[in-house]
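In what follows, a structure is listed as C-alpha cells, so that the remarks can point back to it.
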Amino acid sequence: MKKINVILLAIVAAVLFSVAVFSQLAPITNIVSKINQITPTIKLEETETCKTAFYDEVQNIYNNCVYYNNYTTCLNASGPNTACSLQQNTWNFQCKTGEITLLRNTTECKPNNEFIISINQEAAVLKKQIDYSEWGPCIYSQENSCLIVTCQSRYDGANDGQFHRPLKLYSNRL
C-alpha cells in the first residue's frame, strides 16, 4: 500500500512540475506563407508572423454533494420539549470540489505587409519583394497575364488606412 502511495505522489509531483515548466514557456514565433499561383509563371507569396503564447487556465471541478439538515421535533405530549426525536433531511446538489490547472495557448497572426513575387523564367526564378509596410494596405489583381499590385495610402483621406474605393498609387508591371 505504501508503494502505491509513493508512486501516486511521484506522478502528481511530475504533473505539477511539468505544468510549472510549460507555463514558463516563452512565446513561439513563426512565419506563415500563403502562396497564390497567379499565372503559370508568376507566383505571389504573402507572409505573416504568428506568435503562440502559453498561459495557465484554472478550471473548477464539480461533483455531487449532500447537504444534511439535522433538526429536532417534539410532540410535547407530557409538557414542553417532551417526546422529541432527531430528524434529518438531505439535499443533493452540484458543488465545487476542486480545481485543475490546464496549459492553454493562443495564436495571433499579423501580416508582414509584403508581397514576394516569383517569376519562373526558363532557367532561373526571379524574385522581387514589395515591402508596403510604410504605404498602407495593398491588394493584387491579374490582367492580361500581368500582376497588378495596388496600394492605398496610409493617409487615404479617411485616415484609417483602409480601402474605401480603389486608388492606384503604385503598379509594378513585371
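A few remarks follow.
- Members of region 92-131 that are within 30 Å of A26 (Cβ to Cβ) and of a type in the set (S, T, Y): T101, T106, T107
- Of the strands (runs of 3 or more DSSP E) that lie entirely inside region 70-155, those containing 3 or more residues that are among the charged types (D, E, K, R) and surrounded by 10 or more Cβ atoms within 10 Å (Cβ to Cβ) span 84-121, 124-131.
- Selection status of N63, more than 30 Å from P137 (Cα to Cα), exposed (fewer than 11 other Cβ atoms within 10 Å of the Cβ) and at pLDDT 85 or above: yes
- The sole residue among Y140, Y132 that is touching an Asp or Glu at 6+ places or on another chain (Cβ under 8 Å) and modelled with pLDDT of 75 or more is Y132.
- Region 86-125, residues that are farther than 30 Å from N36 by Cα and in contact with a Cys (Cβ under 8 Å, 6 or more places away or on another chain): N92, F93, Q94, C95, T97
The values are calculated or read from the model by the stated rules, or taken from the named source; none is laboratory data. Values in this document were obtained by computation on a predicted structure and should not be read as measured data. Virtual Cβ from ideal backbone geometry, glycine too; neighbours counted across all protein chains shown.
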